[in-house]
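Notes to accompany the following structure.
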């Protein structure tokens, strides 16, 4: 509503500056109206209204003079925040039936805003429709329309209008406006429309803000077909997008990394949790310490046996173990060696989950100075519907930001 109000005030002020010149008026009418216009330019709306009343006090006014007075009265009243007087004056102008389409569109829009101020949303909608019928259509009117729909609870109409705005932007090759996507997401959420998730995704991909990352990643694991084994990947995305911060998050991610066989990753997470203060204090401090001790123990064991594990993976009949050990190297900040092993695993074949293997390769390439340029292409080739495709697209977004 703030932008719509600012638009309305600018509109009536501009109209007030030209209205006197549009008519041939007697001095007793024209002079005070001219003064009213100058006062409006100076932001003195109440003083302008006083001058309008002075003009209105003139005797034997003709229809043209009265119409000019009402135009100026409506302009000054709207600027002064007097919706009742604005409505009375501008409805009188509209009843005069001597307006161009452009003037009708402007004054009808001002009436729509004035009725909105009085909370008569039904009449506000009538005048907004008249403004549009006369050719009025701009971003401020669209915002006013959205506000009216929200006040009347017509979320189906909000969704329809916002979806049309988003579709028009996409068709024109433009990024949909954040406000349109927010209105659409809110309307879908209130009406329990399953299209909410897709809209939230558009909001994130077009305007990747921290709040949208948090909202999207919270819902992602509940997406139909999303495999539980990607829970650690969701936590990785939370960490990379800056939305992982709670004690529970650090505990969960550390435990998931250990379970997945990535103790080096678990070690980095638990140490980060202690450094940030999320771990190591409070009633659960002893539990946090036990988790750190376990993590360090498994990290040491993994370091000692990593060479043997890599050799066994190379001798395996399929490439599954090579992909896994390759990503172990990635978590140990040796992305280049990890890439070599993952690529060997992909070449050997026999993979249980080829899309997941390509996802790991793309993630490894993102961490390699030598291979980073190939990462987006690799990740865009991940098409799995089990969650791997979603995660790959999110890494592309992060990689491009």
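Couple of notes before you dig in:
- So residue 238, is it modelled with pLDDT under 95, touching a helix residue (DSSP H, G or I) at 6+ places or on another chain (Cβ under 8 Å) and either loosely packed, with under 15 Cβ neighbours inside 10 Å or closer than 26 Å to residue 355 by Cα (or both): no
Matching residues to (1) in contact with a helix residue (DSSP H, G or I) (Cβ under 8 Å, 6 or more places away or on another chain); (2) over 16 Å from residue 266 (Cα atoms); (3) assigned by TED's automatic domain parsing to the domain that holds residue 257:
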{"residue": "305", "(1), (2), (3)": "no, yes, yes"}
{"residue": "310", "(1), (2), (3)": "yes, yes, yes"}
{"residue": "316", "(1), (2), (3)": "yes, yes, yes"}
{"residue": "321", "(1), (2), (3)": "yes, yes, yes"}
{"residue": "324", "(1), (2), (3)": "yes, no, yes"}
{"residue": "327", "(1), (2), (3)": "yes, no, yes"}
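- When we screen 226, 205 for residues that are in contact with a helix residue (DSSP H, G or I) (Cβ under 8 Å, 6 or more places away or on another chain), under 30 Å from residue 367 (Cα atoms) and surrounded by 19 or more Cβ atoms within 10 Å (Cβ to Cβ), the only hit is 226.
- Residue count, region 25-36 (criterion: part of a helix (DSSP H, G or I) and surrounded by fewer than 23 Cβ atoms within 10 Å (Cβ to Cβ)): 6
- Members of region 325-374 found to be under 15 Å from residue 260 (Cβ atoms) and in a loop (DSSP other than H, G, I, E, B), listed by number: 332, 352, 353
- Test: residue 377 is farther than 21 Å from residue 302 by Cβ, without any contact (Cβ under 8 Å) to a residue 40 or more places away in the chain and surrounded by 24 or more Cβ atoms within 10 Å (Cβ to Cβ): no
- Filtered by the rule that a residue be crowded, with 22+ Cβ neighbours inside 10 Å and closer than 13 Å to residue 92 by Cβ, region 41-67 gives a lone residue, 52.
- Scanning region 68-113 for residues being crowded, with 18+ Cβ neighbours inside 10 Å and either not assigned by TED's automatic domain parsing to the domain that holds residue 29 or not in a helix (DSSP H, G or I) (or both) gives a total of 1.
The values are calculated or read from the model by the stated rules, or taken from the named source; none is laboratory data. Remember, it's a predicted structure, so these values are computed and weren't measured experimentally. Every residue, glycine as well, gets a Cβ built from its backbone with ideal geometry; the counts of neighbours run over all protein chains shown.
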